[in-house]
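Notes follow the structure.
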Protein chains: 2
Amino acid sequence: MIKDAASAMAAPADILDPSGGANQVRVRAYNERLVMSLVRRHGSLSKAEIARRSGLSAQTVTVIMRALEAEGLLIRGEPLRGKVGQPSVPMRLNPEAVYSLGMKIGRRSADIVLMDFVGGIRRQVRCTFPYPMPGPLLSFVEEGLAELQASMSPQERARIAGFGVAAPFELWSWASEVGAPQAEMDQWRGVDLEAEIARRVPYPVTLQNDATSACAAELVFGRGPHYPDFLYLFIGSFIGGGVVLNSALFTGRTGTAGAVGPLPVQGRDGETVQLLKIASIYRLENLLREAGIDPMPLWYSPDGWVDFGAPLQLWIDDVAAALAQAVIASASVIDFAAVIIDGGFPDWVRARVVDATKAAVARLDLQGVTMPEIVEGAVGSHARSIGGASLPLFSRYLPDQNVLFKELG
Amino acid sequence: MIKDAASAMAAPADILDPSGGANQVRVRAYNERLVMSLVRRHGSLSKAEIARRSGLSAQTVTVIMRALEAEGLLIRGEPLRGKVGQPSVPMRLNPEAVYSLGMKIGRRSADIVLMDFVGGIRRQVRCTFPYPMPGPLLSFVEEGLAELQASMSPQERARIAGFGVAAPFELWSWASEVGAPQAEMDQWRGVDLEAEIARRVPYPVTLQNDATSACAAELVFGRGPHYPDFLYLFIGSFIGGGVVLNSALFTGRTGTAGAVGPLPVQGRDGETVQLLKIASIYRLENLLREAGIDPMPLWYSPDGWVDFGAPLQLWIDDVAAALAQAVIASASVIDFAAVIIDGGFPDWVRARVVDATKAAVARLDLQGVTMPEIVEGAVGSHARSIGGASLPLFSRYLPDQNVLFKELG
DNA sequence: GATTAATAATTCAATTCGATTTATTTATTG
DNA sequence: CAATAAATAAATCGAATTGAATTATTAATC
């Protein structure tokens, strides 16, 4: 005996057990979600097609889809004729089957949206503020929710799956950058936002980081289906992001996976700074102000942007150089198939940021790096509120491998 | 209707479907692996304990464990008395139930080890060379395997689960660093190493990156059970690594997850270089040579190292400064619970590298970073060959959530 | 010290439930 | 009409669960 690897085995006390066992009930729940996600991704699919794509037997798929149709989640389309054999019946999601509410809390505004089962935004309410405060925000939850509910029939209201909230980490930080009095922002410290909202909303409430939520939206409704894994970056007031692995959202142990803000990068002058100092709309605001340009159009709406000229180009170049370093760093840890970039700006800005980032990456040392594809997000500046609204879908309808395992503890 | 997220939905053609459906047979296979991994992690556990930890019913656990005992994989220990109720029967892995073979291919030597079911290294053969070449290496596979087999009874040989190979990516690269003629190294380009070994070995052959394999060893036999996720770094001839997420090895789409070698870091003079230029034993070799010290003891055996004084300290400081940057960068992408550092050096060097890395991290800007714990690996310099031998265990006995899903395509 | 209650581990038997297998029907092309 | 493909009904299979019973032990009480 030369060496015993088992002798390194630790004391039982602090060992962390993996997730729990599986059983049939959970298999069924998982397979139902899988079937729905296949229909969702392809728009519409026949039972036979689902059987082929899932590897499940045709009979199993028949039983599952019949149940989903009976629940009203799936609806049958016109039988497709013109091929050998019995005509196939394409099945698609019933857009009216499930509604969900999504809220985005930003540093200048908050939105609540009503989304249908296929990602259509049916209604939206918004409020703006110089900086977010707990009291007014919770009032907005009550009033906004009431307004959205008023537009729905009782039958429709009964089909609301939940209320998802997309908010930045530590809202009270960055007070100075937001231009808010620190004393006011400190009011946030005592607030359990999820609990306070849950007290005011008669649906299941889910709170998630805003950029992670946007990533979720991109996964379901955007470019997600094209890549098995990707890093998602959303440039808002500050930069944030999310991680998708094996076609599923990976939030990480503390929920901060993809929160690339603190990533160290080298700035224009070679100094090392955190990514969020460069890739943020606040920085653009400051650049505009220095150039004597009114920055307020930045905040009204992404569609209110105009081409601000040189300061905008400077900002894009700096952002791209920083993002390029973030791309390389993340690709050295996880071999992402793609990095998807989006933000609270118009599509034409996004296109320029992505192009500049591609160019900046090409200037770096790529030897040995498994380079991800760098692509624009397809969801756009509303990704955070759409992502918020998709959170209830994740917990109830979208495939999550944890559905298979028992929750422990 | 304000905006339709679903309109971003792509054409069906290039959509990537998630993994397939699940069924009972797979549930059983998964639960069996889960039970075994619980026993493995805790050394020995009673059926009731397993039921509690897995969330499975006592009866289910009874059935599964009875079957595993009948297969000879589990053996019952002495009933534990002294507590209220029927004495519990601790069950543990039968070390002789399964053997596996592991091979490590390095740039100066290759090892083949015979490992038992609990990670004990029963036997080891080694060959050394100035640089690795396909012909001699494959001869070593044949001769080494024959030697190891000769030490086993036919019954034991029948219980060999497989042959796992841990080899660096692109063995033919870095010829100049290895001090090998480029023409000779180019011989590797045409070689399908896995296939060539499979032709010479009568067991299932698995090929995996060497650092990823070492990570696997750390996951099963080292500090892995203490952390739900971690980044693993192994400093050998060059640096490599692996990623563990949700207590499972994550190799990534291309198998290069955790391959941090190309990560850009700032060196001593502020210049940006790839991590592998700094964190490598080759660099230490060069430093020793410059200082007029014979570097050959580096390569004979990790136990052959002596304290080389100033050049070693310089190397450790540089490595630590670079690793610290890699730690921050990776923590900004995934909120790892830990970064585990090991390498092809003695334990006392590992301790100094880890301590220096902790100190270097503390000198960086940590605002907003979810800092992982930085810890020493518990497996040590043999991690790669032990990891190689653990590869067959992963494919046959260790829990892998993919066991639940149908393979598609 | 003997008796009884409580507790815990284990297992048997019956039940449930979902996926698979097998066979059949339906619809269409060539 | 033969071949093909989709859809599904009925029967079967396999694994987990449920509920009850068994066994072995400690703790409390007489």
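The values are calculated or read from the model by the stated rules, or taken from the named source; none is laboratory data. Here the structure is a predicted model, which means the values were calculated and not measured. Neighbour counts are summed over all protein chains in view; Cβ atoms, including those assigned to glycine, are modelled from backbone coordinates with ideal geometry.
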Checklist entry - Does residue B:114 meet the test of being within 14 Å of chain A (Cβ to nearest Cβ) and either within 25 Å of residue B:190 (Cβ to Cβ) or not β-branched (Val, Ile, Thr) (or both)? => result yes
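What is the residue count in region B:90-108 for residues that are near DNA strand C (Cβ under 8 Å from one of its atoms) and in contact with a helix residue (DSSP H, G or I) (Cβ under 7 Å, 6 or more places away or on another chain)?
Of the residues in that region, 1 qualify.
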Checklist entry - Among the numbered criteria (1) of a type outside the set (Asp, Glu); (2) in contact with a helix residue (DSSP H, G or I) (Cβ under 6 Å, 6 or more places away or on another chain); (3) outside any loop (DSSP other than H, G, I, E, B), which single criterion is violated by residue A:121? => result (2)
Item to check | Those residues of region A:167-192 which are away from every other protein chain (no Cβ under 14 Å), crowded, with 18+ Cβ neighbours inside 10 Å and under 30 Å from residue A:117 (Cα atoms), in sequence order | outcome: A:167
Checklist entry - Can you tell me which of B:129, B:117 is buried (at least 18 other Cβ atoms within 10 Å of the Cβ) and not polar (S, T, N, Q)? => result B:117
Next on the checklist: For region B:37-74, give me each residue that is more than 9 Å from DNA strand D (Cβ to nearest atom) and at positive phi.
Outcome noted: B:43, B:72
Checklist outcome for this item: Of (1) within 14 Å of chain A (Cβ to nearest Cβ); (2) closer than 27 Å to residue B:110 by Cβ, residue B:305 fails just (1)
Checklist outcome for this item: Counting only residues that are within 14 Å of chain A (Cβ to nearest Cβ), under 19 Å from residue B:312 (Cβ atoms), of a type in the set (A, V, I, L, M, F, W, C) and touching a Phe, Trp or Tyr at 6+ places or on another chain (Cβ under 7 Å), region B:349-393 contains a total of 0
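I'd like the full set of residues that are part of a strand (DSSP E or B) and among the basic types (Lys, Arg), limited to region A:92-108. Walk me through it before giving the result.
Our first condition is that a residue be part of a strand (DSSP E or B); within region A:92-108, this holds for A:92-93, A:99-105.
Those that are part of a strand (DSSP E or B) and among the basic types (Lys, Arg): A:92, A:104.
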Item to check | In region A:294-327, the residues that are over 24 Å from residue A:364 (Cβ atoms) and surrounded by fewer than 17 Cβ atoms within 10 Å (Cβ to Cβ) | outcome: A:294, A:296, A:297, A:300, A:301, A:303, A:304, A:306, A:307, A:309, A:310
Checklist entry - If a residue has to be within 16 Å of DNA strand D (Cβ to nearest atom) and modelled with pLDDT of 95 or more to count, how many in region B:377-409 make the cut? => result 0
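Limited to region B:68-79, what total is found for residues that are within 11 Å of DNA strand C (Cβ to nearest atom) and either in a helix (DSSP H, G or I) or within 14 Å of chain A (Cβ to nearest Cβ) (or both)?
So the answer is 1.
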Item to check | Qualifying positions in region A:316-344 - in contact with a Ser or Thr (Cβ under 6 Å, 6 or more places away or on another chain) and closer than 18 Å to residue A:267 by Cα | outcome: A:320, A:323, A:324
Checklist entry - Of the residues that sit in region B:17-51 and are under 30 Å from residue A:43 (Cβ atoms) and in a loop (DSSP other than H, G, I, E, B), which one is nearest to DNA strand C (Cβ to nearest atom)? => result B:23
Checklist entry - Got a sec? Which of B:119, B:144 is in contact with a strand residue (DSSP E or B) (Cβ under 8 Å, 6 or more places away or on another chain) and within 22 Å of residue B:300 (Cα to Cα)? => result B:144
